[in-house]
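We did not get these values from a lab; they are worked out from the coordinates using the rules stated. It should be emphasised that the depicted structure is a prediction, and the values quoted were computed from it without experimental measurement. Don't worry about glycine lacking a Cβ; one is built from the backbone with ideal geometry, like all the others, and counts go over all protein chains shown.
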Protein chains: 2
Amino acid sequence: MPVGGGAPVSVQTMANVDPHDAAGLSAQIARCAALGCDLYRLTVPDLAAAQTLGAVRRTSPLPLIADIHFDYRCALAAIEAGADALRLNPGNIGGRDRVQAVARAARAKRVPIRIGVNLGSLEKGLRADLEAGRTTVPEALCASALGHLKLLEDEGFRDVVLSAKASDVETTIATYRLLAERSDCPLHVGVTEAGTFLPGTVRNSVALGILLAEGIGETIRVSLTAEPEKEVRVGMEILRALGLKPRGPAITSCPTCGRTKVDLPRVATAVETALEAYAAKAPRKVLPKVAVMGCVVNGPGEAKGADVALCGGAGEFVLFVKGEPVGKVSEADAVRKVMEYVAVL
Amino acid sequence: MPVGGGAPVSVQTMANVDPHDAAGLSAQIARCAALGCDLYRLTVPDLAAAQTLGAVRRTSPLPLIADIHFDYRCALAAIEAGADALRLNPGNIGGRDRVQAVARAARAKRVPIRIGVNLGSLEKGLRADLEAGRTTVPEALCASALGHLKLLEDEGFRDVVLSAKASDVETTIATYRLLAERSDCPLHVGVTEAGTFLPGTVRNSVALGILLAEGIGETIRVSLTAEPEKEVRVGMEILRALGLKPRGPAITSCPTCGRTKVDLPRVATAVETALEAYAAKAPRKVLPKVAVMGCVVNGPGEAKGADVALCGGAGEFVLFVKGEPVGKVSEADAVRKVMEYVAVL
């Protein structure tokens with residue numbers, strides 16, 4: 001799973017299960033992989049967790065990134081156990097000898113390191129500058145990331161990804177624009193502490209959408225106060241929205257309005273869920289385009305562009321296949337009928 | 001509620017209840033207004049619906065936009081009944097006499113008209129050009145909008161808002177960039193048939209985020225196959241993410257990870273819901289900043305910037321007020337305690 005160097009933008013998430021629970025981690029990795037996740041990060045707070053990482057790694061369909069805080073022995077143990085990458089801030093692990101040891105071990109196993117700074121854990125000196133008004137948040141975050149980077153570069157280690165996250169959209173955008181200008185490293189882009197599902201999804205989509213549209217960002221992590229599976233779904237949709245991933249099982253469906261005489265949100269969501277389950281089982285198949293439309297004003301026009309379409313009437317749908325009406329279906333039968341055609345197209 | 005001319009970007013949505021159900025419309029308008037909605041659109045498919053609009057208008061806290069398709073008599077009746085604006089495509093109402101009649105009535109009552117085109121209802125000529133490869137979708141949508149605009153300008157009517165919606169993000173962005181270049185009208189920006197809640201929220205946030213960040217868009221409508229209240233919440237969050245609305249009841253909260261030992265999504269969502277209810281009752285109050293953090297790595301740092309913060313430990317939280325710890329609270333008491341401080345700050 002290459003990051004940078006022209007590779008497609010990848011989607012990552014982070015475990016929310018106990019780092020010593022191998023079965024729980026493996027199950028979550030499988031669910032995330034089925035949704036399109038490319039990379040999976042888990043915290044390694046102690047040596048036992050490094051052992052768990054090793055056990056999980058043997059069957060994991062995804063590369064694993066070990067998240068290290070403060071303890072360089074956890075970094076060494078994670079590399080030894082088979083971690084595919086580390087997230088570690090070399091300024092926080094206790095001096096040059098330890099940075100050297102980690103850099104040497106990582107280089108020997110060709111393990112890249114992500115440096116990840118954020119406002120909550122900014123160094124004291126930069127925090128003081130910030131509080132005294134001598135610098136701005138984007139400048140301070142960028143300086144912090146580049147300071148950590150220098151420690152690795154001083155050891156001749158260059159396989160580095162950078163991130164510098166703020167919890168608001170405008171600061172995030174300004175910070176990554178600076179980082180992209182001042183460094184050649186691939187960037188891991190994200191908003192930190194973005195909040196609960198709805199506002200967090202919006203903030204991540206706006207920030208990552210704007211940055212990716214400018215060509216900034218080689219890998220993304222959507223942070224939500226919600227399960228990692230949701231983070232993956234949102235991350236995939238951001239890439240799809242920008243044409244950076246092929247369009248997935250998402251469907252075209254209209255907002256309901258006073259003209260709608262079917263339970264459109266229910267049917268559309270059910271069709272989407274069925275398509276996702278189908279896509280997870282046949283990951284290589286190009287999915288047909290599916291539309292679920294509520295009314296006669298825009299429905300037939302939009303339905304023409306879809307391979308399979310439901311177009312709502314009074315309590316029932318007209319089913320279109322390749323633009324031609326093939327019959328009426330009840331609300332109860334709609335999902336099953338759509339999936340019959342999806343399977344053969 | 002001015003649109004354009006330097007006014008703040010407004011958020012609108014569209015009714016999904018029967019346009020003859022005055023009580024249902026009034027209740028939905030009140031819910032949308034409490035969430036921050038600025039404008040409310042409803043379809044007027046017949047003369048009875050125009051009467052309903054008139055009845056609803058008398059107590060509505062929001063301006064009402066009558067959505068007209070094909071029948072100019074509905075437009076005249078809606079204006080007469082007190083509609084604050086129309087959405088109508090003058091090329092679709094049956095000839096110059098009718099366009100003149102609508103323009104005259106709208107001017108007399110100073111009712112603006114939004115012209116709203118989308119791919120599903122493109123004129124035959126443009127559709128043929130598109131299918132023959134003589135034009136592109138953004139060019140065709142833009143030409144359609146400007147063609148309708150000319151019909152109103154020919155009658156000397158200039159109080160017009162334009163929209164031209166596609167169902168994918170890249171086409172939407174390209175189309176609105178063209179419209180902004182080729183017209184001085186305020187733009188109503190949106191993605192049509194954006195899909196169910198999760199993908200629709202992402203697509204709208206990416207498209208509208210990119211356009212608004214470029215200064216394109218005077219009013220927005222998020223289209224979701226979901227209730228209008230969700231559209232308003234997403235629309236408000238997009239504007240907040242870009243600093244175009246003051247930050248509302250949304251909280252800062254971290255993604256959960258393997259370090260989290262509290263049910264953070266549940267507590268964070270409950271705090272947010274309580275804040276929303278509080279904000280709806282006291283719309284003019286500036287809300288304190290609230291953070292709900294799960295772990296000891298970034299929690300205390302982020303909590304310092306918040307007026308009230310919960311910082312998770314093992315099954316309980318430390319409560320911070322203005323950056324200082326004031327005591328421990330159980331998960332069960334956390335929301336109540338936060339709201340006690342919110343009420344007095």
Output row for A:PRO8: copy-to-copy label distances, label 7 Å along Cα→C-beta, ascending, in nanometres, one decimal, is 4.2
Peptide B:42-48, shielding by other chains (average Cβ, 10 Å cutoff): 2
Separation in nanometres of the label points that stand 7 Å from Cα toward Cβ, at B:LYS124 and B:ASP154: 1.8
Output field shielding_mean for B:18-31 (other chain Cβ, 10 Å radius) holds 1
Innermost chain A residue relative to the axis carrying A onto B, by Cβ distance in angstrom: A:SER205, 2
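What list do you get for B:VAL286, A:VAL202, B:VAL137 if you sort them by fewest beta carbons within 10 Å?
Ascending Cβ contact count within 10 Å gives the list B:VAL286, B:VAL137, A:VAL202.
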Which distances in nm, rounded to one decimal and ordered from shortest, link the label point of A:ASP154 to the equivalent label points in the other identical copies, with labels set 7 Å from Cα toward Cβ? 7.5
Given R₀ = 25 Å, FRET efficiency for A:ALA48-A:ALA101 by Cβ-Cβ distance, to 0.05? 0.75
Lys/Arg Cβ at +1, Asp/Glu Cβ at -1, dipole of chain A taken about the Cα centre: which of A:VAL286, A:LEU25, A:GLY215 is farthest positive-ward? A:VAL286
Excluding residues fewer than 8 places away in the same chain, name every one of the aspartates and glutamates whose C-alpha is closer than 12 Å to that of A:LYS281. none
From other protein chains only, count the Cβ atoms within 10 Å of every residue's Cβ in B:214-225, then give the mean. 3
In cubic angstrom, how much convex hull volume per residue do the alpha carbon atoms of the range B:251-344 span? 80
Taking the Cα centre as origin and putting +1 on Lys and Arg beta-carbons and -1 on Asp and Glu beta-carbons, what dipole magnitude results for the range B:121-229, to the nearest 20 debye? 200
Relative contact order (percent, whole number), the range B:16-142, Cα cutoff 8 Å, 6+ residue spacing: 18
If each part is reduced to its alpha-carbon centroid, the range B:158-220 and the range B:1-79 end up apart, in Å, by 21
Give me the angle, in degrees from 0 to 90, between the Cα long axis of helix B:47-57 and the longest principal axis of the Cα atoms of chain B, rounded to the nearest 10. 40
Out of A:ILE93, A:THR196, A:CYS185 - ranked by how far each Cα lies towards the positive end of the dipole of chain A, with unit charges on the beta-carbon of charged residues - the top one is A:CYS185
If the label for A:ARG104 sits 7 angstrom from Cα along the Cα-to-Cβ line, what are its distances to the same label in every other copy, in nm to one decimal, shortest first? 9.2
Calculate the all-directions average of the projected area of the range B:61-128's alpha-carbon convex hull, and give it in nm². 4.9
Candidates B:ASN118, B:ASN204, B:ASN16: whichever shows maximal mean-square fluctuation once chain B is modelled as a Gaussian network with Cα springs under 10 Å: B:ASN16
Charges at C-beta only: +1 for Lys and Arg, -1 for Asp and Glu. How large is the resulting dipole of the range A:11-167 about its Cα centre, in Debye rounded to 20? 260
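Counting other beta carbons within 10 Å of each Cβ, put B:SER60, B:SER10 in order, fewest first.
B:SER60, B:SER10
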Specify the angular offset, from 0 to 90 degrees and rounded to the nearest 10, of the alpha carbon long axis of helix A:137-153 from the longest principal axis of the alpha carbons in chain A. 60
Assign unit charges at the C-beta atoms only (+1 for Lys and Arg, -1 for Asp and Glu), then state the dipole size of chain A relative to its Cα centre in Debye, rounded to the nearest 20. 660
Counting only C-alpha contacts under 8 Å and six or more residues apart, can you give the relative contact order of the range B:251-344 as a whole percent? 27
Based on the Kirkwood radius over alpha-carbon pairs, what is the Stokes-Einstein translational diffusion coefficient of the protein assembly as shown at 4 °C with 1.567 mPa s viscosity, in µm²/s? 49
I need the calculated FRET efficiency for the pair A:ALA332 and B:ALA332, taking r as the beta carbon distance and R₀ as 30 Å, to the nearest 0.05. 0.15
Would you mind checking the tilt of helix B:169-182 against the longest principal axis of the Cα atoms of chain B, expressed as 0 to 90 degrees and rounded to 10? 60
Grab every C-alpha pair in the range A:10-241, bin the distances at 10 angstrom width from 0 up to the longest one, and report whole percents. 8, 33, 37, 20, 2, 0
Rounded to one decimal in nm, the spacing of the 7 Å Cα→Cβ label points at B:PHE70 and A:ALA277 is 3.8
Classify the range B:1-116 as rounded, prolate or oblate, taking a ≥ b ≥ c as the square roots of the eigenvalues of its Cα gyration tensor: rounded when a/c is under 1.5, otherwise prolate if a/b is larger than b/c and oblate if not. oblate
Treat the count of other C-beta atoms within 10 Å as a stand-in for reagent exposure and order B:ARG259, B:ARG87 from fewest to most. B:ARG259, B:ARG87
